[in-house]
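J.: Quick one: the structure is below, and I'll ask about it shortly.
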Amino acid sequence: LCLGRERFNLFVCLSVCLSAFLSVYLSVCLLEMNGDESGESNPEPEEFIALEDFTGSGAEQLSFAVGDRILIHDQSCADWWWAEVEGRYGYVPSGYLHHPDAEVEDGWQDEEYFGSYGTLKLHLEMLSDRPRTETYRQVILSNSTALRGKVVMDLGCGTGIISLFCGRLAEPAAVYAVEASAVAEHTERLVKLNGCEGVVTLFKSRAEELNLPSKVDVLVSEWMGNCLLFEFMVESVLCVRDRWLKEGGMMWPSSATLSLVPCQADDDYSQKVEFWENLYGLDYSCLQPVAQEEFFSKPKFSHQLKPEDCLSTPCDVITLDMHTVKVSDLEKLRGEFQFTVERRGTLHGFSAWFSTFFQSLDEGGPTLELNTGPHSEPTHWKQTLFMLDAPIPVEEGDCVGGAIILHRNPVWRRHMSITIEWRKKSRNEAAFSEVKSKRFPMWR
Ligand SMILES: N=C(N)NC/C=C/[C@H]1O[C@@H](n2cnc3c(N)ncnc32)[C@H](O)[C@@H]1O
């Protein structure tokens, strides 16, 4: 009996300890779970800056605007973080956020940028681009009389070809050839080799740091990047314009436009997405969303858009007047569009390209144009393709309306994101569909 009583007491004691342990354990778990909701139990939330506007979908996602301060409570998932914005909780896309302390030693990445132009590779590509280079030659040639006695600056002259056109095809008083990369060593020799040292003076310097003997009458530069603005060399051109161009001086290009067209892209869609449907008799279709993300979340540059893939007449969505546009205007550029579909097909996405225009120095003289679109001779830029996540069948007479927004990256100053918003109205419908949108980083 006494053994039994001892065992009984032991049993009671153990069960009391066990239930105490369980209740403590459960309350900690509950705290942990509740804590996740408001972040109390987690370490101090970290503050990030929104690089971009974001419109959340569903109750789970938080919307915010570029520049908003976002408190991050949980980064356990790579792409979606648990966040708080002004007392609201939800998930936010981590790619839209920048940590203020993240050491951005140089948002312009100048070392890498000018390094890339220090070898011949990119210059060979640009010089091999006949429509590009020939347009600048024609601009100098057709203005040769008016250029007599003028002071010209060639900003970002590279190997100096535009400066040599000026020296050989016209009689300017002086040409300031400005080049910051190591290619300038070769430019020095090219100026001598082509008998232009009396006219062309080379400045191996960043254009923003120049000290010139005089202001200039003409500022010529070939600054255009993918989607017109990538690299944002245009900022250097505008800074130099404001500092060194005489009142009433000429900018070449004088203006630039970004054009857009809704298009088909059967090859890209079949090779990158449909490809996974039936692979040697095997079903790989679960990889299609992965392929969408990997291949279509960024723009495709150097896309060769065929005229027959255009679903409507292109339209100019953004125009820059190079005599008046301000650097601050470049932070956010928005263009609206409304396309009428001209033939039955599949809307896979939109293609973009740019044109630049060169006003004549002679009153009433012809304006020359460099058009990098699908109806012109191909250039090294070709076109840029923005693929939507789901193809949209379209009929002749349908309407595709929307907007394109170029948002400069507040941290990585040579980068931007391009957001395309679109909606469709079939020809026999009265109302447009809901607006959809997709943001394409170029490239951050
Ligand atoms: N992307 C196209 N189309 N052209 C790029 C053309 C870039 C060329 O211009 C030079 N460059 C760019 N920005 C500056 C600057 N701020 N000061 C001096 N040189 C500069 C680069 O080193 C290349 O040689």
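The values are calculated or read from the model by the stated rules, or taken from the named source; none is laboratory data. What you see is a predicted model; the values in this text were computed from it and never measured. For neighbour counting, all protein chains shown are included, and Cβ atoms are generated from backbone atoms with ideal geometry for every residue, glycine included. We work out accessible area using only protein heavy atoms, side chains counted, and drop any ligands, DNA or RNA first. Shrake-Rupley method; radii C 1.70, N 1.55, O 1.52, S 1.80 Å.
J.: For region 366-427 and region 294-346, what is the separation of their Cα centres, given in Å?
T.: Each part reduced to its Cα centre gives a spacing of 3 Å.
J.: Under 8 Å for C-alpha pairs, at least 6 residues apart: give me the relative contact order for region 296-444, rounded to a whole percent.
T.: Across region 296-444, relative contact order equals 28 percent.
J.: Which value, in Å², gives the accessible area per residue of the chain when a 1.4 Å probe is used on the protein heavy atoms?
T.: Numbers: 22400 Å² over 444 residues.
That works out to 50 Å² for each residue.
J.: Grab the Cα-Cα distance for Cys13 and Gln304, subtract it from 0.36 nm times how many residues apart they are, and report the gain in nm with one decimal.
T.: 96.8 nm
J.: Also, quick follow-up: If you place +1 on the Cβ of every Lys and Arg, -1 on the Cβ of every Asp and Glu, and leave all else neutral, what size is the dipole of the chain about its Cα centre, to the nearest 20 Debye?
T.: 1020 debye
J.: Using Cα pairs closer than 8 Å and at least 6 residues apart in sequence, work out the relative contact order for the chain, in percent.
T.: Details: 868 pairs, mean separation 53.6, N = 444.
Once normalised by length, the contact order is 12 percent.
J.: While we're here: Given an 8 Å cut-off on Cα distances and at least 6 residues of separation, report the relative contact order of region 336-392 as a percent. Write down the numbers at each step before the final one.
T.: Working: 64 pairs, mean separation 22.7, N = 57.
Reported as a whole number, the value is 40 percent.
J.: What's the longest uninterrupted piece of the chain once you rule out the GluC sites (Glu not before Pro) that are loop residues per DSSP with at most 15 other Cβ within 10 Å?
T.: Between the exposed loop sites, the longest stretch runs 106-196.
J.: OK, next. Could you tell me how many degrees, from 0 to 90 and to the nearest 10, lie between the Cα long axis of helix 130-142 and the main elongation axis, the longest principal axis, of the Cα atoms of the chain?
T.: Helix 130-142 sits roughly 40 degrees off the main axis of the chain.
J.: Among Ser23, Pro391, Val317, pick out the residue whose Cα is farthest towards the positive end of the charge dipole of the chain, where Lys and Arg carry +1 and Asp and Glu carry -1 on C-beta, about the Cα centre.
T.: Towards the positive end, the residue furthest out is Val317.
J.: Right, here's the next one. Beyond 28 Å between alpha-carbons counts as too far, so tell me which of Lys300/Lys436; Lys150/Lys326; Lys121/Lys300; Lys332/Lys424; Lys204/Lys332 fall in that bin.
T.: Lys204/Lys332
J.: Which of the chymotrypsin sites (Phe, Trp or Tyr not before Pro) found in region 153-237 are loop residues per DSSP with 15 or fewer other Cβ atoms within 10 Å of their Cβ? Each step should come with its number before you reach the end.
T.: Working: sites: Phe165, Tyr176, Phe203, Trp223, Phe230, Phe232; in loops: Trp223, Phe230, Phe232.
Listed in order of number, the matching sites amount to none.
J.: If Lys and Arg each add +1 and Asp and Glu each add -1, what is the summed charge of the other residues whose beta carbon sits under 15 Å from the beta carbon of Gln359?
T.: -3
J.: Report the extension gain between Phe114 and Glu331 in nm, rounded to one decimal, defined as 0.36 nm multiplied by the number of residues separating them, less their alpha carbon distance. Write down the numbers at each step before the final one.
T.: Working: separation 217, 0.36 × 217 = 78.12 nm, distance 2.26 nm.
Stretched out fully, the Phe114 to Glu331 stretch lengthens by 75.9 nm.
J.: Against the longest principal axis of the chain, how steep is helix 2-38, in degrees 0 to 90 to the nearest 10, with axes from Cα atoms?
T.: 20 degrees
J.: Once you charge only the Cβ atoms, +1 for Lys and Arg and -1 for Asp and Glu, what is the size of the charge dipole of region 298-444 about its Cα centre, to the nearest 20 debye?
T.: Using only the charged Cβ atoms, the result is roughly 900 debye.
J.: Rounding to the nearest 10 and keeping the result within 0 to 90°, find how far the Cα-based axis of helix 233-244 lies from the longest principal axis of the chain.
T.: Approximately 50 degrees, to the nearest ten.
J.: Return the sequence-ordered ³J(HN,Hα) values of region 179-185 in whole Hz as given by the Karplus equation 6.51 cos²θ - 1.76 cosθ + 1.60 applied to θ = phi - 60°, using x for Gly and Pro.
T.: 8, 8, 8, 5, 5, 4, 4
J.: Right, here's the next one. In vacuum, with every alpha carbon of the chain counted as one equal point scatterer, what does the Debye formula give for log10 I(q)/I(0) at q = 0.10, 0.12 Å⁻¹? Two decimals, please.
T.: Log-scaled intensity ratios, in q order: -0.85, -1.10.
J.: Specify which residue in the list Ile49, Ser437, Leu229 is farthest towards the positive end of the charge dipole of the chain, using unit charges on the beta carbon of Lys, Arg (+1) and Asp, Glu (-1), about the Cα centre.
T.: Ranked along the dipole, the leading option is Leu229.
J.: Among residues other than Val12 whose Cβ falls under 13 Å from its Cβ, what is the net charge (Lys/Arg +1, Asp/Glu -1)?
T.: Values: positive: Arg5, Arg7; negative: Glu6.
Every neighbour counted, the sum reads +1.
J.: Right, something else. Per residue of the chain, what 222 nm ellipticity follows from adding -39500 (n - 2.57) for every DSSP H run with n ≥ 4, rounded to the nearest 500? Don't skip to the end; give the middle numbers.
T.: Numbers: 10 runs with 116 residues, N = 444.
So the helix-based figure for the chain works out to -8000 deg cm²/dmol.
J.: Another question, then. Trypsin sites (Lys or Arg not before Pro) within region 320-409: which are DSSP loop residues with at most 14 other Cβ atoms inside 10 Å?
T.: For trypsin sites (Lys or Arg not before Pro) across region 320-409 that sit outside H, G, I, E and B with at most 14 neighbouring Cβ atoms in 10 Å, the list reads Lys326, Arg343, Arg344.
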